[in-house]
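For reference, the structure is listed below as structure tokens.
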Amino acid sequence: MNNCREMIKNNKPELTKQYVIDKWSGQYGMNNLYNSSLAEAEPHIGAIVLKYATGIICEVGCGNGRVANLFPHNRYIGIDISKKAITAAKERLPGYQFEKIKYDADYPEAQTFLFYTVLVHVPDESIESVFTRVKKAGAKRIIIYEAMTRWFRQYSRHQNFHRDVCDYRGLAKQFGYNESHFYVVKSKSFPWFGNVLILDLIEKD
Ligand SMILES: C[S@@+](CC[C@H](N)C(=O)[O-])C[C@H]1O[C@@H](n2cnc3c(N)ncnc32)[C@H](O)[C@@H]1O
């Protein structure tokens, strides 16, 4: 893995993508996922996410399903590249829809797309593809939660891809979305802080 990280630093995009797939489809991901539901662990963040989630919600990178029960089962679809995460999510919430997807697969149709500590794991060369697929799936709103500062890239224990909020603002514009809300919140599960960014599709007259 160290060797792979060295190669990533030397700009080998295909290795970066493979690194992310290996990392999350292997044991690492499941060992590091939180057990308590988001509603219990971080109710103040859950309340913000819930406030802005409209219509059918697709959570990309749903992990073991700890965010899902914020929403009614008939308005939620959870997808993840990790088979183990999806198996755990299905065991946790049998009435909910969870699907394992391939790294480059199209997303299911939904009005709201939620990325809860997920885009930090999407390498720079894949981030536009994620926005392209979100738009294609009909997203009217995108909710992103993570710590938005590139500064963390140099300190992450594993290869992560933290971005500044202005990186996401730029991407949003490129794909026809506008920032509607931005929050700085305290996070128990992450040592410093988190940000919630709400992006809305710019509706044409
Ligand atoms: C830090 S975990 C967060 C899981 C969940 N959102 C939560 O907060 O408990 C990141 C999750 O994103 C998934 N993931 C990483 N890259 C992904 C991608 N490109 N597409 C879909 N899922 C991805 C991983 O398998 C992992 O389950």
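Just so it is clear, none of the values below were taken in a lab; they were calculated from the coordinates. Remember, it's a predicted structure, so these values are computed and weren't measured experimentally. All Cβ positions, even for glycine, are placed from backbone atoms using ideal geometry, and neighbour counts span all protein chains on display.
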Cα→Cβ-extended label distance, 7 Å offset, between THR149 and ASP124, nm
2.0 nm
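Give the relative contact order (percent, whole number) for the chain; include only Cα pairs under 8 Å separated by 6+ residues. Walk me through the intermediate numbers first.
Values: 351 pairs, mean separation 34.6, N = 205.
Result for the chain is 17 percent.
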Need one number: % antiparallel among DSSP beta bridges in region 2-201, to the nearest 5.
45 percent
Taking a quarter of the surface of the convex hull around the Cα atoms of the chain, what do you get in nm²?
10.9 nm²
Gain on full stretching of the segment that runs from GLU99 to ASN178 - 0.36 nm per residue minus C-alpha separation:
25.6 nm
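Divide by every residue of the chain the summed helix terms, -39500 (n - 2.57) for each DSSP H run of at least 4, and state the resulting mean residue ellipticity at 222 nm, rounded to the nearest 500 deg cm²/dmol.
Working: 8 runs with 73 residues, N = 205.
The helix-only estimate for the chain comes to -10000 deg cm²/dmol at 222 nm.
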What full-extension length gain, to one decimal in nm, is calculated for SER36 and ASP205 as 0.36 nm per residue of separation minus the Cα-Cα distance?
56.5 nm
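Can you give the convex hull volume per residue for the Cα atoms of region 24-106, as a whole number of Å³?
Values: hull volume 7.5 nm³, N = 83.
Enclosed volume per residue, from the Cα hull, is 90 Å³.
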Counting only other residues whose beta carbon sits under 10 Å from that of VAL120, what net charge do I get with K and R as +1, D and E as -1?
+1
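What are the equivalent ellipsoid semi-axes of region 135-205, built from the alpha-carbon gyration tensor (square roots of five times its eigenvalues), in whole angstrom, biggest first? List each step's numbers first, then the result.
Details: eigenvalues 130, 35, 20 Å².
Three semi-axes, in Å: 25, 13, 10.
Give LYS17/LYS90; LYS51/LYS186; LYS100/LYS136; LYS23/LYS83 a once-over and call out the pairs whose C-alpha atoms are over 24 Å from each other.
On the way: LYS17/LYS90 26 Å; LYS51/LYS186 18 Å; LYS100/LYS136 19 Å; LYS23/LYS83 12 Å.
Correct reply: LYS17/LYS90.
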